[in-house]
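Since the structure comes first, as structure tokens, the remarks are kept for the end.
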């Protein structure tokens, strides 16, 4: 299958500290890649670099064959190919649910409002939230908001979904409803790059697991090998910290 | 009760003309303050050390100094010290704008600072460019935060115009005093009636603005 995302030896520093260096990764169309690692290992920063919310110091990022350049008009065009969902949902508080979802398709992609709304309603229906279309974000629970944020990203028809610890801010009982939506999308064959701390979920969704530590890929492999036969001591130790589950 | 004084001659008309003087000064000052305050608020939000240092001193001066002292300094002080001959109206507009710009800038700065960075990032991540992010996401949120606070400032400015009679401007309160003085013999109880009407006039000037604010707040409740 064709490669949709190629990361070639990228490096990033904050002041003098390496966030990551010489990081390379490629993702094929339809592949689900899950990145795990201890806090501060650079995994969220890595996702943010992919759509240019953070700059990289060296290396290059190719998305669908196009080079991601910083500070150019092209970056807006490339961002349309990347749907990102954040830990804290970040819906726009002054817009209704439906308005939140259709804002970018209508304003950025100049799609017909009626058509965008119809598609939005279809997607809302699928995540069980069509009755909330006229509500405002503050009237929704965390899990509901996160499902809306996923729909909002989907309506831009992105090539790749970047999910940045989307359940980390949720109450435990709401984690499942969000993860089920992601699993649903995974089965549709969407390309996804997921950063998470939910190991059970990672196991269920991943085609490939990546363990990131101190800005380097320490280990990668299929979920079976990754969880049952970790090769490095660092990954063994990391997985052990979840062992009470 | 002394309301009869108002019907004598053209007393009521004179009061209304006095109100017009007060409203002209406040309207002009409010427009200057809104425009200048938004501009200054944005500049201050760029966090240049020198600019913000000067701005902080400016804001403190405005907050500490009674408006009346500022009026005296500008009207009497500049005339004597600098040989500039300002009309009382011009001096009033300068003082009220000086005050309004500082307060307005602080409101804008506060509203801008209150928008989380992630709101910008969420907009960019959806493909919105900088202008679109401001137009559809950031500015509407700022407006919603600003409206009640700026309406409060505007009504305060209108009310405070009653001070300008101290530098010789014949506005609504001064007209009221004049009417009472002139009719002291014939209507010794004039004070109550006249001041009650002055009160009513201020109320009529500020109330619609407050209602507008309430309406917008309700409309934007979410």
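A compact table of results
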item	result
Proxy reagent accessibility, fewest Cβ within 10 Å first, across B:4, A:213	B:4, A:213
Near-label residues of the range B:169-198 by backbone N, under 11 Å of a point 7 Å along Cα→Cβ of residue B:4	B:186-190
Residues A:4, B:73 arranged by fewest to most Cβ contacts within 10 Å	B:73, A:4
FRET efficiency, 1/(1 + (r/R0)^6) with R0 22 Å, evaluated for residue B:217 and residue B:12 via beta carbons	0.05
Chain B, helix-only ellipticity at 222 nm - DSSP H runs n ≥ 4, -39,500 (n - 2.57), divided by all residues, nearest 500	-24500 deg cm²/dmol
Per-selection Kirkwood Rh - the range B:170-222 (Cα, Å, 1 d.p.)	13.1 Å
Three principal axis lengths of the range B:3-219 [C-alpha, angstrom, descending]	76, 47, 23
In degrees, nearest ten, helix A:172-187 long axis to first principal axis of chain A (Cα)	90 degrees
Using alpha-carbon coordinates, inclination of helix A:142-154 to the longest axis of chain A, degrees	90 degrees
For the range A:1-89, diffusion coefficient by Stokes-Einstein and Kirkwood Rh (Cα), 25 °C, 0.890 mPa s, µm²/s	179 µm²/s
FRET efficiency estimate (nearest 0.05) - Cβ-Cβ, residue B:35 to residue A:168, R0 35 angstrom	0.20
The range A:19-52-the range A:63-85 distance, computed between alpha-carbon centres (Å)	16 Å
Mean Cα-pair separation over length for chain A, i.e. relative contact order, pairs under 8 Å, 6 or more apart, %	26 percent
Rg(Cα)/(2.2 N^0.38 Å) for chain A, N = residue count	1.01
Beta bridge orientation in the protein assembly as shown: antiparallel %, DSSP, nearest 5	55 percent
222 nm mean residue ellipticity, helices alone, for chain A (DSSP H n ≥ 4; -39,500 (n - 2.57); rounded to 500)	-10500 deg cm²/dmol
Label-point separation, residue B:57 to residue A:57 (7 Å along Cα→Cβ), nm	4.0 nm
With Cα atoms, 0 to 90° folded angle of helix A:113-126 axis to chain A main axis	60 degrees
Rounded Å value of the spacing that divides the Cα centres of the range B:23-90 and the range A:183-217	58 Å
Spread of Cα-to-Cα distances over 10 Å intervals beginning at zero, given as percent, for the protein assembly as shown	4, 16, 21, 17, 13, 11, 9, 6, 3, 1, 0
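Any read-out appearing in this document is the output of simple, stated calculations on the displayed coordinates, not a laboratory observation. Bear in mind that the values here come from a model prediction, so they are computed numbers and not experimental data. Counting neighbours? That spans all protein chains shown, and the Cβs are built from the backbone with ideal geometry, glycine included.
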